[in-house]
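Single-structure report; data block below.
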Amino acid sequence: MLYWILRWILLVVLRFLYACLGGIRFEGREWVPRKGGVLITPNHISDADPTAVGLALPRACYFMAKEELFQIRLLGPFLRIMRTFPVRRYSADRSALAHAERLLRQGEAVVIFPEGQLSEDGSLQELLPGALLVAQRTGVPIVPTIVEGTDRLIPYGQLIPRHAGRRIVVRFGPPVTFAELAGEHRGSNALRVAAQRLREILLDLQQGYVDSRAGSSNSASGSARAAL
């Protein structure tokens with residue numbers, strides 16, 4: 001109950017703040033399954049990314065976040081209440097990955113930033129295998145996600161938000177499975193190929209909204225886009 005109350009309050013506050021700081025637009029929300037386990041894999045260009053993605057998602061979700069945040073007084077307990085769980089960066093944190101797998105098998109939405117760290121210059125980095133390994137083991141769909149403009153809101157190395165200058169964009173792409181990404185490859189090579197292909201999808205998604213049902217891009221309308 002506490003989570004749902006705090007989540008409602010947080011969404012109201014975030015909507016107001018984003019509207020004041022340049023606005024935010026959601027694209028492709030129809031690609032996010034409303035039920036069942038799903039893995040959301042955004043790029044990571046700013047400390048504001050989790051709030052932007054959380055606001056854009058049409059359903060409640062869990063976040064994987066660096067364990068250092070949980071060592072901050074008050075913030076750590078708040079993050080846990082808000083369905084965020086820690087991961088040790090730069091290591092194969094089996095506990096965090098296993099927890100993500102359990103949540104996905106229980107039908108939850110889980111957000112994992114597959115780059116594993118912030119991009120200093122905003123470019124898409126190579127993807128780490130962790131998120132792909134979770135997708136492989138659970139078989140849930142992956143929703144590629146691109147965030148644009150949050151690095152203007154909170155630039156790398158800074159903590160205080162500023163006006164973004166124009167609307168931030170959170171763009172969801174069509175779901176894809178690990179099997180589709182890996183193709184005929186197996187073992188560690190399958191993880192490498194899947195990570196490479198997911199990165200290529202994210203790069204394509206940076207170029208604009210993609211509606212594979214219509215076979216077109218940059219042509220979203222109606223329910224495909226929502227703006228604040």
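The values are calculated or read from the model by the stated rules, or taken from the named source; none is laboratory data. What you are looking at is a predicted structure, and each value in this text was computed from that prediction instead of being measured. Backbone-built Cβ (ideal geometry, glycine too); neighbour counts: all protein chains shown.
Each residue in the stretch 144-200 was checked for being of a type in the set (D, E, K, R), closer than 16 Å to LEU17 by Cβ and surrounded by 18 or more Cβ atoms within 10 Å (Cβ to Cβ), and 1 pass. Taking the stretch 1-110 as the region of interest, the helices (runs of 4 or more DSSP H) fully inside it that hold 2 or more residues being crowded, with 19+ Cβ neighbours inside 10 Å and among the β-branched types (Val, Ile, Thr) are 49-56.
Reported count of residues in the stretch 145-167, each being without any contact (Cβ under 8 Å) to a residue 60 or more places away in the chain and polar (S, T, N, Q), is 1.
Taking the stretch 134-168 on its own, how many of its residues are of a type in the set (D, E, K, R) and closer than 26 Å to ALA96 by Cα? Before you say what the answer is, go through the steps one by one.
Looking only at the stretch 134-168, we keep the residues that are of a type in the set (D, E, K, R), and these are 137, 148, 151-152, 162, 166-167.
From what is left, the residues that are closer than 26 Å to ALA96 by Cα are 137.
Residues meeting the conditions: 1.
Looking across the stretch 201-210 at every residue that is surrounded by fewer than 18 Cβ atoms within 10 Å (Cβ to Cβ) and farther than 13 Å from VAL176 by Cβ, the one that is modelled with the lowest pLDDT is identified as GLY208.
Out of all the residues in the stretch 83-102, is one or more hydrophobic (A, V, I, L, M, F, W, C), over 16 Å from THR41 (Cβ atoms) and in contact with a His (Cβ under 8 Å, 6 or more places away or on another chain)? Looking for residues that are hydrophobic (A, V, I, L, M, F, W, C), over 16 Å from THR41 (Cβ atoms) and in contact with a His (Cβ under 8 Å, 6 or more places away or on another chain), one finds at least one in the stretch 83-102, hence yes. Does the stretch 158-179 contain any residue that is closer than 12 Å to THR41 by Cβ and out of contact with any strand residue (DSSP E or B) (no Cβ under 6 Å at 6 or more places or on another chain)? Yes: one or more hits. Every condition in (1) at pLDDT below 95; (2) outside any strand (DSSP E or B); (3) over 24 Å from ARG105 (Cα atoms) holds for SER188 except the one numbered (3). No other residue among SER95, SER91 is without any contact (Cβ under 8 Å) to a residue 24 or more places away in the chain and closer than 27 Å to GLN158 by Cα apart from SER91. Just one of (1) over 17 Å from the mean Cα position of the chain (by Cα); (2) touching a residue at least 60 places away in the same chain (Cβ under 8 Å) fails for PHE26. It is (1). For the stretch 186-201, what are the residues that are of a type in the set (A, V, I, L, M, F, W, C) and in contact with a helix residue (DSSP H, G or I) (Cβ under 7 Å, 6 or more places away or on another chain)? If the condition is that a residue be of a type in the set (A, V, I, L, M, F, W, C) and in contact with a helix residue (DSSP H, G or I) (Cβ under 7 Å, 6 or more places away or on another chain), then ALA190, LEU191, VAL193, ALA194, ALA195, LEU198 are the ones that fit.
Sub-6 Å Cβ pairs linking a first residue in the stretch 57-70 that is under 13 Å from LEU104 (Cα atoms) and modelled with pLDDT of 95 or more to a second residue that is buried (at least 19 other Cβ atoms within 10 Å of the Cβ) and of a type in the set (Val, Ile, Thr), at least 6 apart or interchain, are CYS61/VAL111; TYR62/VAL110; PHE63/THR84; PHE63/VAL111; MET64/VAL87; MET64/ILE112, ordered by first then second residue.
Do we have PHE85 as within 15 Å of the chain's Cα centre (by Cα), over 22 Å from GLN207 (Cβ atoms) and of a type in the set (Phe, Trp, Tyr) here?
Working: within 15 Å of the chain's Cα centre (by Cα): yes; over 22 Å from GLN207 (Cβ atoms): yes; of a type in the set (Phe, Trp, Tyr): yes.
It is true that PHE85 is within 15 Å of the chain's Cα centre (by Cα), over 22 Å from GLN207 (Cβ atoms) and of a type in the set (Phe, Trp, Tyr).
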